[in-house]
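See below for the structure under consideration.
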Amino acid sequence: MLHLSDQVQQALQVGQAIVALESTVIAHGLPYPTNLETARRMEEIIREHDAVPATIAVLEGKIRVGLTDAELEHLATAKGIRKTSRRDLPVVVAQYEDGATTVAATATIAAWAGIEVFATGGIGGVHRDPPFDISNDLPTLASTPVAVVCSGAKAILDLRATVEWLETAGVPVIGYDTDELPAFYTRESGLPVDVCVESAHEAASIIRAGREMGLAGGTLVVVPVPVDDEMAPKRLQKAIDSALAEASARGIEGSASTPFLLRWIARETGGASLKANVSLLENNAKGAAQIAVALRDTPGTGSVKPG
């Protein structure tokens with residue numbers, strides 16, 4: 001079922017650090033050529049920090065873990081690539097389609113492959129306004145043993161409700177050099193994290209402890225957007241309000257809403273949000289690689305699961 005690249009297979013065999021990457025950001029999240037340039041740069045950053053990148057996608061019905069440059073370019077340029085969440089995987093595989101994997105699908109496949117760390121921009125969460133739409137990213141995080149490194153949930157969402165959902169589901173939120181949840185394009189949300197760490201080793205120790213306790217779910221590690229690329233909160237909120245109003249007027253909802261909203265916000269901010277998005281993606285790739293290496297070097301102490 002899984003088709004691992006030779007590099008990923010070798011890394012798993014020798015215990016090298018690996019970082020999973022999603023592909024929806026390539027096919028649906030960023031415009032061309034920024035999408036391809038960012039995908040390449042994220043893989044390059046991970047290699048620079050002594051880890052192996054494993055971009056995940058479904059190509060012609062095959063679940064691929066680790067892509068060639070030509071396959072990255074295909075995802076960045078081809079039309080009709082399905083946005084593929086966890087529920088879509090059987091359909092895309094059975095019908096031999098191309099699918100760009102979301103956070104939920106990527107985390108699921110990474111866990112199947114034995115990859116412990118996954119870098120992305122921001123997770124899905126609880127959408128604003130009733131009826132509440134809850135991204136499958138959240139229940140997947142609650143049940144999948146992968147550490148997801150991101151800049152919080154996307155700013156278009158209800159961040160407080162998203163944090164409360166994570167708390168209820170037992171997903172720990174680790175702030176990497178931050179004591180509050182980043183709001184994707186901005187560094188602060190006013191919402192506290194469960195614990196703040198100052199190093200990849202600290203984060204890895206918490207992740208490893210959870211694994212040894214036999215806890216089934218994942219861990220969210222949040223990293224703020226670099227300060228030089230942070231957006232002004234008032235300017236951002238004006239763009240978000242405009243995007244939400246336009247999506248409502250057009251009847252855009254479900255899986256189509258996030259790509260539309262991000263494109264609209266990029267237009268309304270004159271590209272500032274796109275710059276912030278690329279910056280945080282690259283920074284999260286760096287943080288994820290550091291954590292993956294620290295996990296590799298963090299010795300286990302044996303199971304501490306009660307009983």
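The listed residues are E71, E44, E37, E97, and the only one of them that is at negative phi, of a type outside the set (A, V, I, L, M, F, W, C), touching a strand residue (DSSP E or B) at 6+ places or on another chain (Cβ under 6 Å) and surrounded by fewer than 24 Cβ atoms within 10 Å (Cβ to Cβ) turns out to be E97.
Residues are listed down the side, and each one gets a yes or a no for (1) among the charged types (D, E, K, R); (2) free of Cβ contacts under 8 Å to residues at least 24 places away in the same chain; (3) out of contact with any Phe, Trp or Tyr (no Cβ under 9 Å at 6 or more places or on another chain); (4) not in a strand (DSSP E or B):
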{"site": "Q10", "(1), (2), (3), (4)": "no, yes, yes, yes"}
{"site": "Q16", "(1), (2), (3), (4)": "no, no, yes, yes"}
{"site": "P31", "(1), (2), (3), (4)": "no, no, yes, yes"}
{"site": "A39", "(1), (2), (3), (4)": "no, no, yes, yes"}
{"site": "P53", "(1), (2), (3), (4)": "no, no, yes, no"}
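If you go through region 188-198 and keep only what is assigned to a loop (DSSP other than H, G, I, E, B) and modelled with pLDDT of 95 or more, you end up with L191, V193, D194, E198. Does region 131-178 hold any residues that are open to solvent by less than 10 Å² (accessible area, probe 1.4 Å), part of a strand (DSSP E or B) and free of Cβ contacts under 8 Å to residues at least 40 places away in the same chain, and which are they? Residue satisfying the conditions is A153 alone.
Please determine whether any residue of region 189-203 is closer than 29 Å to A100 by Cβ and either polar (S, T, N, Q) or open to solvent by 80 Å² or more (accessible area, probe 1.4 Å) (or both). Yes, region 189-203 contains a residue that is closer than 29 Å to A100 by Cβ and either polar (S, T, N, Q) or open to solvent by 80 Å² or more (accessible area, probe 1.4 Å) (or both). Checking each residue in region 45-92 for being among the charged types (D, E, K, R) and closer than 17 Å to F118 by Cα picks out R47, E48, D50, R64, R86.
Residues that are surrounded by 18 or more Cβ atoms within 10 Å (Cβ to Cβ) and outside any helix (DSSP H, G or I) within region 242-284 comprise just one, T269.
The values are calculated or read from the model by the stated rules, or taken from the named source; none is laboratory data. Since this is a predicted model, take the numbers as computed values, not measurements. Cβ: placed from backbone, ideal geometry, glycine included. Neighbour counts: every protein chain shown. For the accessible areas, the whole protein counts, side chains as well, though only heavy atoms, and no ligand, DNA or RNA atoms are used. Shrake-Rupley method; radii C 1.70, N 1.55, O 1.52, S 1.80 Å.
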